[in-house]
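The values are calculated or read from the model by the stated rules, or taken from the named source; none is laboratory data. The shown structure was predicted, so the numbers you read here are calculated from the model rather than taken from an experiment. FYI the Cβ positions are ideal-geometry reconstructions off the backbone, even for glycines, and counts take in every protein chain you see. Note: areas computed on protein heavy atoms with side chains; ligands, DNA, RNA excluded. Shrake-Rupley method; radii C 1.70, N 1.55, O 1.52, S 1.80 Å.
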2 protein chains.
Amino acid sequence: MITGPPRGMRDFYPEDARLKNWLFGLWREVSESFGFEEYDGPVVEAEELYIRKSGEEIVGQLYNFEDKGGRRLALRPEMTPTLARMIIAKGASLPRPIKWFSIPQCFRYERMSRGRKREHYQWNLDIVGVEDVTAEAEVIAAAAEFLRRIGLGKDDFRVFLSNRRLLAALLKCRGLADDKFAGVCLVIDKKTKETDEALRAMMGEIGLSPEMVERIFEVLQIRTLEEAERVLLDAGAPIEALQETRRVFDCLSFYGVEDFCQFDISIVRGLLYYTGPVFEFYDFERKFRAICGGGRYDNLLESYGGERITAVGLGFGDVVITEILADKGLLPSFERKLDFVVIPFSENERKVATELSQSLRAKGKRVSTLLEAKKLRKALADADRAGAEKVAIVAPDELAVGRVVVRDMLTGEENAVPIGEVC
Amino acid sequence: MITGPPRGMRDFYPEDARLKNWLFGLWREVSESFGFEEYDGPVVEAEELYIRKSGEEIVGQLYNFEDKGGRRLALRPEMTPTLARMIIAKGASLPRPIKWFSIPQCFRYERMSRGRKREHYQWNLDIVGVEDVTAEAEVIAAAAEFLRRIGLGKDDFRVFLSNRRLLAALLKCRGLADDKFAGVCLVIDKKTKETDEALRAMMGEIGLSPEMVERIFEVLQIRTLEEAERVLLDAGAPIEALQETRRVFDCLSFYGVEDFCQFDISIVRGLLYYTGPVFEFYDFERKFRAICGGGRYDNLLESYGGERITAVGLGFGDVVITEILADKGLLPSFERKLDFVVIPFSENERKVATELSQSLRAKGKRVSTLLEAKKLRKALADADRAGAEKVAIVAPDELAVGRVVVRDMLTGEENAVPIGEVC
């Protein structure tokens, strides 16, 4: 007897589905208000779409398998490779910039700990073909707008923003070899999960000297863009990446969201394909994992064999935000709602009851007809539990004079209403 | 370089996604108007949920695999087992009857022929816990209502309805052993795809004599419920199944959909769990595969270890109906639509352009802001292609007097409007 879903996956009973639809509805609403178009792709993709130079957690956690035809496939762990593949397939026929969104279910075969799941739904926003960091500001502003609409304000979340190009420039000033940078990013990304000791050990494992490791930790002490600028200027290093980062903040201020945002040199993201500005949203107290995150990826499309097109993306999962809303008591109630339950007094009244139900549906009402006779008292209790606003009782005496009894379930008031006037 | 989805699976570019959302939106609308509640389950389930006594096409086409933990899993081929599992898990705590719907993506590892796919989305409607065939009439009426809303009428489709209990009674009259009935159903289900010769051969393979096979073909010649009744009465056989089938038609007439519906003894459905009334919708000319189908299943929940609860279900795929709509020229156009494109004349106007965009969004408008400077002529052409109704141009001269130029993209009319009055 199997009663549960596979380990790490979720069933959505009606009240869970209502919550999901509420989130998805707001994601769609915000996406469309920013002019993004929805797209979708297969939940299963060729495994090679996800096999990259490695080191990334996501590749180690791939939910992969072989199909009956011997093809190596994987449940998608993220949407960006599908996006890249789809854009490459259309080539120059897609007008740029491309502003697309999607709400895919994504899978990771993780150790099951701390209530983590093996799937989540993830709102993806991507802007492809805009070199300017106006694109970063746009996706951050859209995510902030979504948070506003679900009831989170200034004191509930913060956006931490950095720039891989800036971090690379700073670390280069301190002597880090270019070819070590990607590995260092993957270690720094673990900063909130691991102790400094553990991070030092990991840096040692990728071949860094203890002195180099200390210099990296010094760079991670940088708190402001001004400090970062001083380090670069002192070393005579180029400051383009710094200026680019400053411009992200300027653009964010145009959207009125700069108050939520702060520079944090330790934000790098766990995916190797990011190349520029990167960001993560957290709840204000940082009690939860990241709400969402994203950044600039310049080379992903090229790496799949397409032309080089720069892009900015954001991924926003359904699990963490739901935990935060629940924690703050901000989850609305997701009760079942019906406009009418129509109750035939006996099978003799079924025809009229069904016709009445159909005419109410034609008026846009949500109507459930009692499909099998039961005691009136029981039928009314069931209708109440089903969230019915009104109940229409089709009974022989009233029907003889062309009427049905309409009961307001909130007040308990009952009226015999001409059958054509029920509404 | 991978540019396509896995074989048999679909990418949904924005215009495909708009079509999908249109279908799903109408499915949801109709489901809710009939008082169904949405639920959802995992796209991957334990393989054993689908392993049944066999013979069914669906089991042979299972998209199954082993995960890293050695678990046998499968991409769901249909939703009913998930529904059954979820209902069993909640036991008596779920108020009956249960009226649930879902729009899962389902997978079959089929031979790739005639443009068939390995996945489709399938609207599922199920009523659990209603013994009366009012439940069959309800799901059929809901599907008919959906077809009406997408623009199909009386001359576009027909519902073919039968009853496995009735067929069993008729075949028993003609000497068929009870234990051969399930196998015979699976052969009859192939009636539209195979020649009579092939069907005869298949019946031989399950151990039926040539005489028995001919008698089955005679039963399949029955055209009306009256004929069926005569056969049963002549044999002194019970006629409950006949009366039950008649009542389905009576109940359908209460919904005003009886004109679409006709008795067809050869409708059996390809799944072994059906036990009573079964039905399939086809386009009027039967040029396409079934639009949707379903029926009564009495024993599925019990077979998973739950209590015995009767249920009625309907599955309605997205592929065939889309083909039919396209064939009839009834597919609406799914163009991109934007209310506004906001164009800053240069980077100096970006702040105002962004603020204007945000204020239009706050008024519920879908707004795309030009994220990177381009020639005005090019920007206008892009806005037109993106389906913009209006364009707001934020240019220095007008801005100096607090105005922006609003262009109606349909008429080409341009006006300098005070910035707070753009709408």
Output the number of the condition that B:Glu240 fails; it satisfies all remaining conditions of (1) more than 14 Å from chain A (Cβ to nearest Cβ); (2) touching a Pro at 6+ places or on another chain (Cβ under 9 Å); (3) more than 26 Å from B:His120 (Cα to Cα). (2)
Output the residues belonging to region B:116-130 that are in a loop (DSSP other than H, G, I, E, B) and open to solvent by less than 50 Å² (accessible area, probe 1.4 Å). B:Arg116, B:Arg118, B:Gly129, B:Val130
Please enumerate the residues belonging to region A:327-343 that are more than 9 Å from chain B (Cβ to nearest Cβ) and either of a type in the set (Phe, Trp, Tyr) or free of Cβ contacts under 8 Å to residues at least 24 places away in the same chain (or both). A:Gly329, A:Ser333, A:Phe334
If you take the residues in region A:267-325 that are of a type in the set (Asp, Glu) and more than 18 Å from the chain's Cα centre (by Cα), which one is nearest to A:His120 (Cα to Cα)? A:Glu285
Please go through region B:183-206 and give me each residue that is surrounded by 18 or more Cβ atoms within 10 Å (Cβ to Cβ), in contact with a Lys or Arg (Cβ under 8 Å, 6 or more places away or on another chain) and closer than 19 Å to B:Ile58 by Cβ, ordered by number. B:Cys185, B:Asp189, B:Met202
What's the number of the only condition in (1) assigned by TED's automatic domain parsing to the domain that holds B:Phe146; (2) modelled with pLDDT of 95 or more; (3) touching a Leu at 6+ places or on another chain (Cβ under 9 Å) that B:Gly270 fails to meet? (2)
Considering every residue within region B:207-224, establish whether at least one is under 30 Å from A:Asn348 (Cβ atoms) and out of contact with any Ser or Thr (no Cβ under 6 Å at 6 or more places or on another chain). yes
Could you tell me whether any residue of region B:30-49 is among the charged types (D, E, K, R) and more than 9 Å from chain A (Cβ to nearest Cβ)? yes
Only one of (1) facing chain B (nearest Cβ under 9 Å); (2) modelled with pLDDT of 95 or more; (3) open to solvent by 10 Å² or more (accessible area, probe 1.4 Å) is not met by A:Gly25, so which one is it? (1)
Only residues in region A:359-382 that are more than 17 Å from A:Val394 (Cα to Cα) count as the first member; pair them with residues that are assigned to a helix (DSSP H, G or I), Cβ under 8 angstrom, at least 6 apart or cross-chain, and list the lot. A:Gly364/B:Ser33; A:Lys365/B:Ser33; A:Arg366/B:Glu32; A:Arg366/B:Ser33
Scanning region A:364-386 for residues that are part of a helix (DSSP H, G or I), within 10 Å of another protein chain (Cβ to nearest Cβ) and open to solvent by less than 30 Å² (accessible area, probe 1.4 Å) gives A:Asp382
Tally of residues being out of contact with any helix residue (DSSP H, G or I) (no Cβ under 6 Å at 6 or more places or on another chain), open to solvent by less than 30 Å² (accessible area, probe 1.4 Å), of a type outside the set (Gly, Ala, Ser) and not in a helix (DSSP H, G or I) across region A:317-343: 2
Which ranges mark the strands (runs of 3 or more DSSP E) fully within region A:240-301 that have 1 or more residues being open to solvent by 10 Å² or more (accessible area, probe 1.4 Å), over 25 Å from B:Ala362 (Cα atoms) and touching a residue at least 60 places away in the same chain (Cβ under 8 Å)? A:261-263
So is B:Lys99 open to solvent by less than 50 Å² (accessible area, probe 1.4 Å) and either among the basic types (Lys, Arg) or without any contact (Cβ under 8 Å) to a residue 12 or more places away in the chain (or both) or not? yes
Got a number for residues in region B:344-363 being open to solvent by 60 Å² or more (accessible area, probe 1.4 Å) and either assigned to a loop (DSSP other than H, G, I, E, B) or within 8 Å of chain A (Cβ to nearest Cβ) (or both)? 4
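Residue-wise test of (1) touching a residue at least 40 places away in the same chain (Cβ under 8 Å); (2) in the same structural domain as B:Gly306 (by TED's automatic domain parsing); (3) in contact with a helix residue (DSSP H, G or I) (Cβ under 7 Å, 6 or more places away or on another chain).
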site	(1), (2), (3)
B:Phe65	no, yes, no
B:Leu73	no, yes, yes
B:Met79	yes, yes, no
B:Ala92	no, yes, no
Going through region B:1-14 in order, the residues found to be farther than 19 Å from B:Gln105 by Cα and more than 7 Å from chain A (Cβ to nearest Cβ) are none
Can you tell me which residue in region A:387-412 is nearest to the other protein chains (Cβ to nearest Cβ), limited to those that are crowded, with 19+ Cβ neighbours inside 10 Å and under 21 Å from B:Pro97 (Cα atoms)? A:Ala388
Is one or more of the residues making up region A:131-152 in contact with a Cys (Cβ under 7 Å, 6 or more places away or on another chain) and either at pLDDT below 95 or facing chain B (nearest Cβ under 9 Å) (or both)? yes
Matching residues in region A:248-302 (within 20 Å of A:Lys180 (Cα to Cα) and small (Gly, Ala, Ser)) number 3
So A:Ile87 fits all but one of (1) modelled with pLDDT under 95; (2) open to solvent by less than 10 Å² (accessible area, probe 1.4 Å); what number is the exception? (1)
